[in-house]
There are 2 protein chains.
Amino acid sequence: MPSSIPDIVISRLPVYLRALERLSQEGQEVTSSHELGKRLGISSAQIRKDLSHFGGFGKQGTGYRIAYLREQLRQVLNVERDWEVALVGAGDLGNAVARYRGFSNRGFHIACVFDSSTDKIGKSIAEFLIQPLDTMHTIIAERGIKIAMVAVPAESAQSVADTLIAAGVRAILNYAPINLNVPDNVHVQYIDPVIHLQRMTYYLE
Amino acid sequence: MPSSIPDIVISRLPVYLRALERLSQEGQEVTSSHELGKRLGISSAQIRKDLSHFGGFGKQGTGYRIAYLREQLRQVLNVERDWEVALVGAGDLGNAVARYRGFSNRGFHIACVFDSSTDKIGKSIAEFLIQPLDTMHTIIAERGIKIAMVAVPAESAQSVADTLIAAGVRAILNYAPINLNVPDNVHVQYIDPVIHLQRMTYYLE
DNA sequence: TGGTGATTGTGAAAGATGTGACAACTTCTA
DNA sequence: TAGAAGTTGTCACATCTTTCACAATCACCA
């Protein structure tokens, strides 16, 4: 009955996990909901309540053992395994995503890169060979890839998403500045820097 | 009394604006809360209610004139003017951000680029000269820049943010995978692709 | 001109989310 | 060993957010 846990709680767990990894790097072994909350700008009660959905990870009087809680969150979030991710689009943005070093050790690695432009097909970004869009369905279906990142122009994003979904992808990270229409069993997250900037200008001046 | 409007409402306005711009591009002149909601996966009631915080932009029986509503949202969001944005960090990520073509016409342009590495200082990305971090405070303060994007390693992000804030920046878009501690009058938005991916893996399998 | 179908803006109700407060427990110290 | 200080997990409550439902209005057409 995992569906009974609110989305909004799930959405905070990766943030907790990231903070724990950082604390761990800094050599700390134990933390408390209060310390974590102070770092993240979240109330300690909320952190305790969020975590309590998945079991009691802490110890009264002491707090949380960082290594243990980190491991538990990884399990809950399903990122103990390493997920293969397909990248679609090899323009500037796709290039940057392909070169990004931050995926490793956090549960993901890029498995293949696709583009439609004949200029780019056959060339490489970082260590990845750029493959033609026509082969995407086959490759993704065969390898059983479930996650994709879309870094194509807004105009092509919906049709790319449709193809991905038909091939079996169930989670899409969309960098294109457009909303995608997808079936209920497919998850989408959006990254559009302008949207984030516009969320702040309202408060300026 | 603009503070009485919930943050969560503000955070949806840029999404509405983006959809309106798209509809406009497609040649449409009028839309309804129902159509917009269908596109965005949001209920029509929510869209109407959100918009009603700022006045009555629509007409009963007809819907919303797209050009007009778009203009009104731009005003509300404070993106009729063009904001200067500072970019800190000229590594792979900073490079991609600097080259990103999507800022223009949506209220923003990059005004200056900073990095600490002596290798990079003096060189250019796209049309921007990379300037040394030591000059950042002066330049940002003099030009009155209020918005910055941070694309430096996690280790340096907090100190960069501190410098930015001291120089007058009031809105930070942080690409570094770390939480920033900032005063109440400073706004921060985060972009970390791994966080977004981890928000979806929970639901896979 | 009057009737039909569409759509907004909004108050009230329902539902979701966050906070406060505390018993229960742990560790530390004297 | 006993008391003090710290911390969790949780329940009840408060607050925030979304949905519902409908009067009011508009455009169109016969």
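The values are calculated or read from the model by the stated rules, or taken from the named source; none is laboratory data. Since the structure is predicted, the reported quantities are computational estimates derived from the model, not experimental observations. Heads up, the Cβs are rebuilt from the backbone with ideal geometry, glycines too, and the neighbour counts pull from every protein chain shown. Ligands, DNA and RNA are excluded from the accessible area calculation, which covers all protein heavy atoms including side chains. Shrake-Rupley method; radii C 1.70, N 1.55, O 1.52, S 1.80 Å.
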3 or more residues open to solvent by 30 Å² or more (accessible area, probe 1.4 Å): qualifying strands (runs of 3 or more DSSP E) within the range A:73-189:
A:128-132
Could you tell me whether any residue of the range A:47-69 is away from every other protein chain (no Cβ under 14 Å), over 22 Å from the mean Cα position of the chain (by Cα), more than 11 Å from DNA strand C (Cβ to nearest atom) and small (Gly, Ala, Ser)?
yes
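Only one residue in A:76, A:85, A:15 is within 16 Å of DNA strand C (Cβ to nearest atom) and at pLDDT 95 or above, so which one is that?
Values: A:76 fails: within 16 Å of DNA strand C (Cβ to nearest atom); A:85 fails: within 16 Å of DNA strand C (Cβ to nearest atom).
After ruling out the rest, the residue left standing is A:15.
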Does residue A:102 satisfy being farther than 20 Å from residue A:176 by Cα and touching a Ser or Thr at 6+ places or on another chain (Cβ under 8 Å)?
no
Looking at the range B:22-40, can you tell me whether even one residue there is acidic (Asp, Glu), under 27 Å from residue B:147 (Cβ atoms) and away from DNA strand C (no atom under 13 Å from the Cβ)?
no
Identify, by number, the condition in (1) farther than 28 Å from residue B:185 by Cα; (2) outside the structural domain of residue A:190 (by TED's automatic domain parsing); (3) of a type outside the set (Gly, Ala, Ser) that residue A:99 doesn't meet.
(2)
Can you name the residue in the range A:36-53 that is without any contact (Cβ under 8 Å) to a residue 24 or more places away in the chain and part of a loop (DSSP other than H, G, I, E, B) and is also surrounded by the fewest Cβ atoms within 10 Å (Cβ to Cβ) among such residues?
A:41
Across the range B:103-113, what is the number of residues that are within 10 Å of another protein chain (Cβ to nearest Cβ) and touching a Phe, Trp or Tyr at 6+ places or on another chain (Cβ under 9 Å)?
2
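Before we move on, is residue B:41 at positive phi, more than 9 Å from chain A (Cβ to nearest Cβ) and out of contact with any strand residue (DSSP E or B) (no Cβ under 6 Å at 6 or more places or on another chain)?
Working: at positive phi: yes; more than 9 Å from chain A (Cβ to nearest Cβ): no; out of contact with any strand residue (DSSP E or B) (no Cβ under 6 Å at 6 or more places or on another chain): yes.
No, not satisfied.
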Across the range A:1-35, which residue is surrounded by the most Cβ atoms within 10 Å (Cβ to Cβ) among those that are more than 10 Å from every other protein chain (Cβ to nearest Cβ) and without any contact (Cβ under 8 Å) to a residue 24 or more places away in the chain?
A:34
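I'd like the full set of residues that are among the hydrophobic types (A, V, I, L, M, F, W, C) and crowded, with 16+ Cβ neighbours inside 10 Å, limited to the range A:58-72.
Initially, the range A:58-72 is screened for residues among the hydrophobic types (A, V, I, L, M, F, W, C), giving A:66-67, A:69.
Scanning the range A:58-72 gives A:66, A:69.
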